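See structure below.
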Amino acid sequence: MEKSFRPPSVPLVTVDPYFNVWSAADHLYDDHTRHWTNKSNGMVGIIIIDGKPKRFMGRLSDQDEFELGEQDPDVLIQTHLLVEPVTTKYTFEGEGVELEVHFTTPLLLSDLDLLSRPVTYVSFYVRAVDGQSHQVKIYFDVTGEWCVNTPDQHIKWERQSIEGELITLFMGTVDQPLLQRSGDDTRIDWGYMHLVVPQSKENKTVFHSAASRQQYVSSGVFPSQDDLNQPRAAEDNMPVMAVELDLGTIQSEPESRFLMLAYDDVHSIEYFNEPLDPYWKRQGVTFPEMLLTAAEEYEEIVQRCDRFNQELRSESTLAGGEKYKDILALTYRQSIAAHKLVLDSSGDVLFFSKENFSNGCIATVDVSYPSIPLYLRYNTELVKGMMRPIYKYAKSGDWKFEFAPHDVGTYPKANGQVYGENKLEYQMPIEECGNMLLMAAAVTKYEKHADFAKDHWELLTKWAGYLLQNGLDPENQLCTDDFAGHLAHNTNLSIKAILGIAAYSYMCDMLGIEDGIAYREAAQKMASEWVSMADAGDHYKLTFDSDHNSWSMKYNLVWDQLLGLNLFPKEIAMKELNYYTKRQNEYGVPLDSRDTYTKADWLMWCASMSSSQAQFEQLIAPLWDFMNETSSRVPVTDWYDTIKGTQINFQNRSVVGGFFIQLLMKEQTINLVKSGDRNAETHSNRS
């Protein structure tokens, strides 16, 4: 197999926090495919070449802890893996045949209809590579694990023809506890998992069991009829939905087929006790109609995805180098699929994040804040969709505090905060006020008007006033890095407060409100005080009252540059980054002087303030090394140890959208190159 970037886990089906499956192995056939929580959500793929079965995906046993044995046929050797922003491409070769398997989830942020469509395409491209012709069939199945939280839940299944064009097999729980389950380490147990193929005589479908796979492998004959009694527990000789695609005679010209994996969740989110449908249903489209449209648009969508993959890979290489390109390609789908897109009763977009492997909170402000660079780059409406639930909750009589809320519940129930039992000591007053103000200002900047801020001006004014009174030297409280515990006099949190006040002034100016002058002057005064209070010689301290050996990543400083606020002297960022390079461990710069762990999103934010691309690449190279070498085989974690190279906690979180901040920093350069200016980098450096 070619040596290349080895993701810790490979995205396969990445639609939302429930419909979300990965391969946590070097080869697609080494292990079961897995839900992002690492529970088995199995798929099996077998190619029959001239009557010989070769496995290219998954394992035949339905037991999670299973040593490879007689049940598993020989593999078709995996020769290449390429993870692109919206497509994962595997290549296999053997028996004179090359097989490519592509998993494409068309998460194109400029197209909300397509973005919300709960469909992943699986494409197969087969060609002969030995100058001979070969008879080829492909077997593909999906287990009942995809529609249960625990395998003891009972499921039922059905087959449906859709207008003579498609055949869909679908499974779901008998009980259908719609929107009843909430929490973190959970899987959906309502709605229906679909395996969809174009209807033709070459495509056969069947419901059978994990144990029956071996009969197919041994005989090469696809079952003529379903062999399962229903309903039954998912763990009872695991039910599977299976298809056989007969490609016929294969020669040197590629033959291709595709199928679709789709999930009908019926309702997606409970929003202040009202069930909300997924965005794609907003005009009354039914699930079968949606599947027909997805199949009809297959060729066009794949072409659009290929263009986007190429564009983002090119732009990210230009902005940050080859390793940056790899990091963005791996994390693009992860960030988006940690959200669910719906509309509220007024027809406004809501984009709900799930705080994965943390506490399961929904619409967490300090999870949205680090993620927004991706969405500012491609569609600011999604940033507004993150903020709307917070505004609604803060305006309600249920929110008793004068600062901004942390979240609005536990996914998928957005009925009000339950974080920290809603006690004051577990709130993040400075953090969330600063986050909401900076997010509002960022939307204002990238939309070039302040209409959205104006709609929520009373709350933004209230929160700016809170920062003005309490922000310079924060009292003992949590910040977004709450795993590190409470901290008083936090210098990085103080930066957020100061920039939040300046962000309010920035929006005042856009709206023609004279009060902005006073807030700007106050922020300037606070910034000047910050410099003298935090100074430690060759860097700036962790807390105002700590000794000169303390330090922390000042990631909040990035908005001084991005919003053009220019409150802090430029040499502060330069001094800090030079200091970080001295503190860099094998897998990156620690978050601060208290421990050896880091937060990958904040590491990237700091790196984006680099004075040169060489410095940027030096700071992010250890992050690439961590992803490439870690033994923690999970969807990208943002919290890991910089010496051991292992995950501390968190995985598959939306915050990796923050990795796209370098594209915002380099936007002028990218635009000049796209317009054909050969001196783009020179222009950018001058600016």
Considering each of Val418, Val365, Val349, Val383 in turn, give the residue that is touching a His at 6+ places or on another chain (Cβ under 9 Å), of a type in the set (Val, Ile, Thr) and within 21 Å of Ser268 (Cα to Cα). Val365
Do we have any residue at all in segment 566-588 that's in a loop (DSSP other than H, G, I, E, B), under 30 Å from Lys448 (Cα atoms) and in contact with a Leu (Cβ under 9 Å, 6 or more places away or on another chain)? yes
Determine whether Thr293 is within 18 Å of Leu112 (Cα to Cα), open to solvent by 20 Å² or more (accessible area, probe 1.4 Å) and among the hydroxyl-bearing types (Ser, Thr, Tyr). yes
Pick from segment 422-431, criterion part of a helix (DSSP H, G or I) and either surrounded by fewer than 23 Cβ atoms within 10 Å (Cβ to Cβ) or of a type in the set (A, V, I, L, M) (or both), ranking: modelled with the highest pLDDT: Ile430
Given the structure, is Ile250 open to solvent by less than 20 Å² (accessible area, probe 1.4 Å) and more than 20 Å from the chain's Cα centre (by Cα)? yes
Subset of segment 244-271 (residues that are touching a Phe, Trp or Tyr at 6+ places or on another chain (Cβ under 8 Å) and at positive phi): Val266
Name the single residue that is most open to solvent (accessible area, probe 1.4 Å) among those in segment 665-679 being touching a Ser or Thr at 6+ places or on another chain (Cβ under 8 Å) and in contact (Cβ under 8 Å) with a residue 60 or more places away in the chain. Met665
Single match in Gly434, Gly385 (criterion: in contact with a Lys or Arg (Cβ under 6 Å, 6 or more places away or on another chain), assigned to a helix (DSSP H, G or I) and closer than 19 Å to Gly657 by Cβ): Gly434
Report the residue count in segment 350-368 for those that are among the aromatic types (Phe, Trp, Tyr) and surrounded by 24 or more Cβ atoms within 10 Å (Cβ to Cβ). 2
Residue hits (segment 580-616; over 25 Å from Asp482 (Cβ atoms) and in contact (Cβ under 8 Å) with a residue 24 or more places away in the chain) are Thr581, Glu586, Ser610, Ser611, Gln613, Gln615, Phe616
Every listed condition ((1) part of a strand (DSSP E or B); (2) open to solvent by less than 40 Å² (accessible area, probe 1.4 Å); (3) charged (D, E, K, R)) holds for Lys137 save (2)
Scanning segment 148-177 for residues that are open to solvent by 60 Å² or more (accessible area, probe 1.4 Å), under 17 Å from Phe287 (Cα atoms) and in contact (Cβ under 8 Å) with a residue 40 or more places away in the chain gives Arg159, Gln160, Glu163, Glu165
Can you work out which of the residues in segment 88-116 that are of a type in the set (Gly, Ala, Ser) and in a loop (DSSP other than H, G, I, E, B) is nearest to the chain's Cα centre (by Cα)? Ser110
Return the residue satisfying two criteria in turn: it lies in segment 639-664 and is of a type in the set (A, V, I, L, M) and assigned to a helix (DSSP H, G or I), and of such residues it is surrounded by the fewest Cβ atoms within 10 Å (Cβ to Cβ). Leu664
Could you grab the pairs with beta carbons closer than 9 Å, sequence gap of 6+ or different chains, first residue in segment 219-238 and closer than 23 Å to Ile138 by Cα and open to solvent by 80 Å² or more (accessible area, probe 1.4 Å), second one in a loop (DSSP other than H, G, I, E, B) and of a type in the set (A, V, I, L, M)? none
Given the conditions (1) closer than 20 Å to Arg59 by Cα; (2) among the acidic types (Asp, Glu); (3) over 24 Å from the mean Cα position of the chain (by Cα), every one holds for Glu145 apart from (3)
Keeping to segment 440-483, report how many residues are open to solvent by 30 Å² or more (accessible area, probe 1.4 Å) and not hydroxyl-bearing (Ser, Thr, Tyr). 19
Could you list, in sequence order, all residues of segment 92-110 that are among the β-branched types (Val, Ile, Thr) and either over 15 Å from Gly45 (Cα atoms) or open to solvent by 20 Å² or more (accessible area, probe 1.4 Å) (or both)? Val97, Thr104, Thr105
Pick from Ala394, Ala329: which is open to solvent by 10 Å² or more (accessible area, probe 1.4 Å), among the aliphatic types (A, V, I, L, M) and assigned to a helix (DSSP H, G or I)? Ala394
Cβ pairs under 9 Å, 6+ apart, first in segment 318-335 and within 15 Å of Ala607 (Cα to Cα), second part of a loop (DSSP other than H, G, I, E, B): Ala319/Lys666; Gly320/Ser608; Gly320/Lys666; Lys323/Phe5; Ile327/Phe5; Ile327/Val636; Leu328/Pro85
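One line per residue, one yes/no per condition, for (1) modelled with pLDDT under 95; (2) open to solvent by less than 30 Å² (accessible area, probe 1.4 Å); (3) closer than 27 Å to His548 by Cβ:
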residue: Asp560; (1), (2), (3): no, yes, yes
residue: Gly564; (1), (2), (3): no, no, no
residue: Leu567; (1), (2), (3): no, yes, yes
residue: Ile572; (1), (2), (3): no, yes, yes
residue: Leu591; (1), (2), (3): no, yes, yes
residue: Thr596; (1), (2), (3): no, no, yes
residue: Leu623; (1), (2), (3): no, yes, no
residue: Ser632; (1), (2), (3): no, yes, no
residue: Thr637; (1), (2), (3): no, yes, no
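The values are calculated or read from the model by the stated rules, or taken from the named source; none is laboratory data. Bear in mind the structure is a predicted one, so any value in this text is a computation, not a measurement. Here the Cβ is made from the backbone with ideal geometry for all residues, glycine too, and neighbour counts use every protein chain on show. Heads up: the accessible areas ignore ligands, DNA and RNA and are worked out on the full protein's heavy atoms, side chains in. Shrake-Rupley method; radii C 1.70, N 1.55, O 1.52, S 1.80 Å.
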